[in-house]
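Take a look at the structure set out below.
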Amino acid sequence: MSATAMSLRSGWRGLAFIAIPVTAIAIFLFYPAALSIIGTLVRPAPGGGYTFSLQSYIFFFTDSYSLANLARTLWTTVVTLVLLIAVNLPIALYMRFTKGRLAAVIQALALFPMFVPGIIICYALIRYMGPNGWLQSLLSLVGFHHYASPHLTPWGPVVGLIWDGMPLTLLILISGLSNVSDASIEAARDVGAGRLRILVSIITPEITHSLLIVSALNFLGIFGQVLMPFMLGPTNPEMMGPFMLRTFSSVRDPLQASTQATITFLICSLAGVAYVRSIARRQREDRT
Amino acid sequence: MSTLELENLGKKFGAVVALEPLSLRISDGELICLLGPSGSGKSTLLRIIGGFEMPTGGKVLIDGADVARTPPEKRPTAMVFQSHALWSHMTVEGNIGFGLKLRGLKKAEIAAKVDAALRLVGLADYGKRHPAQLSGGQRQRVAIARCLVLEPKILLMDEPFASLDQHLRDRLREEVRQIQKKLGITTVFVTHGQDEALSIADRIVVMSMGRIEQVGTPAEIYTYPQTPFVAGFIGDMNMLKAVVTSGAARVGDVQLDAPVPDGEALFAVRPEDVTLTPSLNGEGVRVRRIVNYGPVLKIEAEMPDGTLWKVQTLKDVPVTEGACYHPIVSRHIVFREDRAVHRVDPV
């Protein structure tokens, strides 16, 4: 058998191997998603037939409540993302450059939320930081009586989302930092760089890919969140997740819910594109 | 113009002694090789000199000033790492100029110094490239340029060519030696390759088990090893145990002079110090294997009691596998209690 024929045969085998999952994704994911998106743009005409319409989008972008919800979602996403990196980067740095029992304990604590279901985290946080919760009681014990609970304020979902996103963020950052060799840090010290300079000029640029991946994945996860903002956040304005849910199930307006979902999808796609580009660039660099 | 002195320098990792207290003086412009097997303490010693490890005790004096507790960023030393340790997100120019930037030099000054360093290592046109676009040898040259551009008092090199192929290693070694001589920079070079140490060093420090076995010029180390470890570690050596009686010992039918008190001793004989003469009566050693190394032949010969002799002769000396020969030894060293006590040189 010629090499070309063998290559063709193995090519068909490969396609057959992925045919079932790809078909399932196409039927159960892409097709209904495409129907929903098309359904927001192509509407039944009053006299029969269909017509192209941007009416639902015009409504969304002229409705102050919808815009406030979008702004709240963006605010929560950006603030949570910044805090996630701010909290996890020092922990990842500590764990990368410190060996010993304390580092292992910190790692276990930081990864613990990964094994706790989101709903449990929500209830735990409500019991802990909510009005008359443990935190307030503990603060009262030490004489602090002006505690304002973040529960049902914009900071409520931020706290919950940080808890929820911590393990993934930490794992990716540790993985990125493991690629920064001890020798490259020592070489920087050798030419005269102090700790801050090493962090800014050597470590941070070396983990740009990891930071980009962390940002993209968390952006996708946070922007579309339903549970945390529903359980811990305010109802007005609210994040896009609960907003969509309410529009669909309580207001019973599937067209507007689909429009909100499409807008959410388009904004999340930007993060998706950044993620895919980062992966592709990394593969190109690895090849060189 | 700098000297490096180590005074009672020692290092322990917990209960493990990595480096027994040692003292050493390295003269201005000298290239000294720390040579030893893995775990001998050579890299630990280099890292202490560079400031990456704190010594348990002792002093590191550079031009008389003790820097043993000074962090690496404040020492007048620069280290070339085995893994190049280039910063992949920076260009070659960025890598070399980083240290100068930290010293607050102006852009034009940095550019001029970087350019000069690149010319010195033969990479004048490679400044805009990234490390990923360079070969292993080019990366190591950049790492060397990154050190030299800072004009350190002491240059430290930690097995810099270990990851390169033999041909490139030989070439770079020569280039480094030329540059080192040209700049007159005091250099400490760590290697576990004896060829590398013998070919590049002004002096070699042979280390084993965290202590110095011998310090000397390559010729001294090769010709007059002071301990059995050095004798066995540097080059090929026949290490033969024999009993000395009345100033001589016999190994098979070979008599070796040893004007030392009677008793057991260890004799070290270089393969090139052994000549084989044909044995007419079948006594002596039988040639088991001959390997042709081009200009020389390396021969393994066996005595009737199984003792192996390594012999090296010029290629035009007629030797046949399976034939018997008498070994004639022109130079040997006698060791007792792990120290050389006598040596016999050719007349």
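The values are calculated or read from the model by the stated rules, or taken from the named source; none is laboratory data. Remember, it's a predicted structure, so these values are computed and weren't measured experimentally. Using ideal geometry, Cβ is built from the backbone for each residue, glycine included, and neighbour counts are taken over all protein chains shown. We work out accessible area using only protein heavy atoms, side chains counted, and drop any ligands, DNA or RNA first. Shrake-Rupley method; radii C 1.70, N 1.55, O 1.52, S 1.80 Å.
Quick look at the numbers
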item	result
Environment charge at B:Pro55 (Cβ cut-off 15 Å; Lys +1, Arg +1, Asp -1, Glu -1)	+3
Residues B:Ala162 and B:Arg69, FRET efficiency given R0 of 30 Å [Cβ-Cβ distance, rounded to 0.05]	0.50
In region B:109-182, the trypsin sites (Lys or Arg not before Pro) that fall in loop regions by DSSP, at most 16 other Cβ within 10 Å	B:Lys128, B:Arg129
Peptide B:82-90 - average C-beta neighbours from other chains (10 Å radius)	5
Area of B:Asp170 that stays accessible when all protein chains are in place (1.4 Å probe, Å², to 10)	60 Å²
Peptide B:132-139 - average C-beta neighbours from other chains (10 Å radius)	1
Per DSSP, loop chymotrypsin sites (Phe, Trp or Tyr not before Pro) in region B:32-120 with at most 10 further Cβ within 10 Å	none
Loop sites in region A:96-137: trypsin sites (Lys or Arg not before Pro), DSSP, at most 11 other Cβ within 10 Å	A:Lys99
B:His130 accessible area, assembled protein chains, probe 1.4 Å, Å²	70 Å²
Among B:Ala197, B:Ser88, B:Ser208 - extreme Cα towards positive end, dipole of the protein assembly as shown, charges at beta-carbon	B:Ser88
Cα centroid separation - region A:23-51 against region B:270-339, whole Å	90 Å
Set of lysines with alpha-carbon distance to B:Lys315 below 27 Å, sequence-local pairs under 8 removed	B:Lys298
Distance between modelled label sites at B:Ser23 and B:Lys59, nm, 7 Å Cα→Cβ extension	1.0 nm
Amide N of region A:250-265 lying under 20 Å from the label point, which is placed 7 angstrom from the Cα of A:Tyr65 along Cα→Cβ	A:250-264
Cα centre as origin, Lys/Arg/Asp/Glu Cβ charges: the protein assembly as shown dipole, Debye	2140 debye
Rounded to the nearest 10 Å², the accessible area of B:Tyr222 at probe 1.4 Å	70 Å²
Point-to-point label distance, A:Tyr50-B:Asp236, nm (Cα→Cβ direction, 7 Å offset)	8.6 nm
10 Å beta-carbon shell around B:Val291, net charge (K/R +1, D/E -1)	+1
Neighbouring partner chain Cβ atoms per residue of B:258-271, average, 10 Å criterion	0
Sequence of B:Lys107, B:Lys74 from largest to smallest accessible area, 1.4 Å probe	B:Lys107, B:Lys74
Inter-label distance, nm, simple model (7 Å from Cα along the C-beta direction), B:Ala323/A:Ser137	10.0 nm
Ratio of Rg to Rh over region B:236-344 (Cα coordinates, Kirkwood Rh, two decimals)	0.99
Rounded if a/c under 1.5, otherwise prolate or oblate - chain A, Cα gyration tensor axes	oblate
Within straight-line cross-link reach of B:Lys42, lysines at Cα separation under 27 Å, skipping those fewer than 8 residues along the same chain	A:Lys99, B:Lys11, B:Lys12, B:Lys59, B:Lys74, B:Lys153, B:Lys181, B:Lys182
MRE, 222 nm, helices only [DSSP H, n ≥ 4, -39500 (n - 2.57), over the protein assembly as shown, to nearest 500]	-14500 deg cm²/dmol
Cβ-defined net charge surrounding A:Arg197, 15 Å radius [Lys, Arg +1; Asp, Glu -1]	+1
Largest to smallest accessible area among A:Asp63, B:Asp165 [probe 1.4 Å]	B:Asp165, A:Asp63
Paramagnetic reach from B:Asp338 in region B:186-215 [backbone N under 17 Å; point 7 Å along Cα→Cβ]	B:206-215
A:Thr4-A:Leu35 FRET efficiency (beta carbon distance; Förster radius 51 Å; 0.05 resolution)	0.80
